[in-house]
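Peer 1: Mind looking over this structure? Questions follow.
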Amino acid sequence: MPIPPFLHVVEQGGGVSRLLFCQVGPSVTYGRVRLVLEAFERQPLPVHLVHLEGRRASAKVRSFVDYATSRLRADPVVNRRRRG
């Protein structure tokens, strides 16, 4: 996910912005950005990996899907739990 160019301004205290958590997760983790209005956040949406071949996928496609799945599952930004 591309990082918005104005995130740097927000990190420097230059304002407030509405961004996806996957864009600001590291900034929140390292204390560069503070979440506000968390009570108004929408529920997280699931991530799906879809490919045309289904169960007959080539070894390259299957390898990529396995790799992407393991990376997404291990990413704390993608798999953060809602508070409250």
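Peer 1: What single numbered condition from (1) open to solvent by 60 Å² or more (accessible area, probe 1.4 Å); (2) over 18 Å from the mean Cα position of the chain (by Cα) fails to hold for Ser70?
Peer 2: Unmet condition: (2).
Peer 1: Here is a follow-up. Failed condition for Pro44, given (1) without any contact (Cβ under 8 Å) to a residue 24 or more places away in the chain; (2) in a loop (DSSP other than H, G, I, E, B), with all others met?
Peer 2: Checking Pro44 against (1) without any contact (Cβ under 8 Å) to a residue 24 or more places away in the chain; (2) in a loop (DSSP other than H, G, I, E, B), the one that fails is (1).
Peer 1: For segment 15-38, which positions are under 14 Å from Pro5 (Cα atoms) and of a type outside the set (Val, Ile, Thr)? Break it down stepwise before answering.
Peer 2: As a first pass, look at segment 15-38 and keep what is under 14 Å from Pro5 (Cα atoms): 15-20, 23-24, 27.
Once the filter is applied, which keeps residues that are under 14 Å from Pro5 (Cα atoms) and of a type outside the set (Val, Ile, Thr), segment 15-38 yields Gly15, Ser17, Arg18, Leu19, Leu20, Gln23, Ser27.
Peer 1: Is there any pair with a first residue in segment 21-40 that is under 10 Å from Glu11 (Cα atoms) and assigned to a helix (DSSP H, G or I) and a second that is aliphatic (A, V, I, L, M) and open to solvent by less than 50 Å² (accessible area, probe 1.4 Å) whose Cβ atoms are under 6 Å apart and which are 6 or more apart or on different chains, and what are they?
Peer 2: Cβ pairs passing all conditions: Val24/Val33; Ser27/Val33.
Peer 1: Follow-up question, since we're still on this one. What number of residues within segment 1-55 satisfy the criterion of being open to solvent by 50 Å² or more (accessible area, probe 1.4 Å), within 22 Å of Arg71 (Cβ to Cβ) and within 14 Å of the chain's Cα centre (by Cα)?
Peer 2: Selection size over segment 1-55: 12.
Peer 1: Any residue in segment 6-20 that is in contact (Cβ under 8 Å) with a residue 60 or more places away in the chain sitting within a Cβ distance under 7 Å of a residue that is open to solvent by 70 Å² or more (accessible area, probe 1.4 Å) and polar (S, T, N, Q)? List the pairs, counting only those 6 or more apart or interchain.
Peer 2: none
Peer 1: If you don't mind, there's one more thing I want to ask. If Phe64 passes every condition in (1) of a type in the set (A, V, I, L, M, F, W, C); (2) surrounded by 10 or more Cβ atoms within 10 Å (Cβ to Cβ); (3) under 16 Å from the mean Cα position of the chain (by Cα) but one, which one does it miss?
Peer 2: With respect to (1) of a type in the set (A, V, I, L, M, F, W, C); (2) surrounded by 10 or more Cβ atoms within 10 Å (Cβ to Cβ); (3) under 16 Å from the mean Cα position of the chain (by Cα), Phe64 is out only on (3).
The values are calculated or read from the model by the stated rules, or taken from the named source; none is laboratory data. Remember, it's a predicted structure, so these values are computed and weren't measured experimentally. As a convention, Cβ positions derive from the backbone with ideal geometry for all residues, glycine included, and neighbour counts pool all protein chains shown. Areas reflect the complete protein model, heavy atoms only, side chains present, ligands, DNA and RNA absent. Shrake-Rupley method; radii C 1.70, N 1.55, O 1.52, S 1.80 Å.
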